[in-house]
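The values are calculated or read from the model by the stated rules, or taken from the named source; none is laboratory data. Please read these numbers as outputs of a predicted model, since none were measured by experiment. Glycine also receives a Cβ, built like all others from the backbone with ideal geometry; neighbour counts cover every protein chain displayed. Accessible surface areas use protein heavy atoms only, side chains included; no ligands, DNA or RNA. Shrake-Rupley method; radii C 1.70, N 1.55, O 1.52, S 1.80 Å.
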Amino acid sequence: MVKVAIFASGSGTNFDNIMQRIAKGELQNIDVTALYTDQTTAPCIQLGQKHGITVHILPPKTYANKQAYEEDVLNHLKNEGVEWVILAGYMRLIGHTLLEAYEGHILNIHPSLLPKYKGIDAIGQALNNGEQETGSTVHYVDAGMDTGQIIAQRTCPIYPNDTKSSLEDRIKALEYELYPEVIKEIIR
Ligand code: GAR
């Protein structure tokens, strides 16, 4: 079993989907040691509790600086024997402390066809630019924002009557297939 940690900042539906895939036996070699969140009230916390795993709620503001925050995160990761980190809607750049320890072993999913539309509101950017298709990308994490080596992408159409919410639903539906497939392939 490969020990992984999942980081999330928001609704946590990708996290929830990964846990469901594990429960169904579709990701047999993954052992999720804990959910890590930087947000004290994010819905992902309840999802972590629902799945009965440890939830580390570590708000960066309570540390002296980013390095101190990441050193604490790193301590937890090491204590749990974590080998891979899966970012699932974790809205923070990974700094050098975590990169030094885990670069090459951190995956992220981003709701655009990278290198297009990096950063926040990727879905709104694609919609406002009049794109006819968009999608989601899984990539390795480096020091940049959504810049690491691309592993896999999946596309979906944008329809003329789409809203941000309808497009987000379509992208999430494909993420729930894409991310487990990549995790199964890459994390061994
Ligand atoms: C996902 O769509 C993911 O691609 C995106 O946040 C969403 C999290 O949803 N990630 C990024 O934008 C990273 N730059 P979730 O919390 O429901 O899984």
Given (1) acidic (Asp, Glu); (2) touching a residue at least 40 places away in the same chain (Cβ under 8 Å); (3) open to solvent by 50 Å² or more (accessible area, probe 1.4 Å), residue 38 misses just (3)
Subset tally (residues that are within 14 Å of the chain's Cα centre (by Cα) and away from the ligand (no atom under 12 Å from the Cβ)) for segment 85-138: 3
Residues located in segment 44-58, provided they are part of a loop (DSSP other than H, G, I, E, B) and loosely packed, with under 15 Cβ neighbours inside 10 Å: 52
Can you give me the number of residues within segment 162-182 that are in contact (Cβ under 8 Å) with a residue 60 or more places away in the chain and either of a type in the set (Ser, Thr, Tyr) or under 10 Å from residue 135 (Cα atoms) (or both)? 5
Of all the residues that make up segment 1-24, how many are open to solvent by 30 Å² or more (accessible area, probe 1.4 Å) and either away from the ligand (no atom under 15 Å from the Cβ) or among the β-branched types (Val, Ile, Thr) (or both)? 6
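Here's the yes/no breakdown for (1) within 11 Å of the ligand (Cβ to nearest atom); (2) of a type in the set (Phe, Trp, Tyr):
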site	(1), (2)
151	no, no
154	no, no
172	yes, no
179	yes, yes
183	no, no
So the helices (runs of 4 or more DSSP H) completely within segment 82-188 holding 1 or more residues that are open to solvent by less than 40 Å² (accessible area, probe 1.4 Å) and under 24 Å from residue 68 (Cβ atoms) are 96-102
Is it the case that some residue within segment 59-76 is closer than 23 Å to residue 137 by Cα and open to solvent by 20 Å² or more (accessible area, probe 1.4 Å)? no
For segment 63-110, which residues satisfy the criterion of being in contact (Cβ under 8 Å) with a residue 60 or more places away in the chain and among the small types (Gly, Ala, Ser)? 81, 88, 89
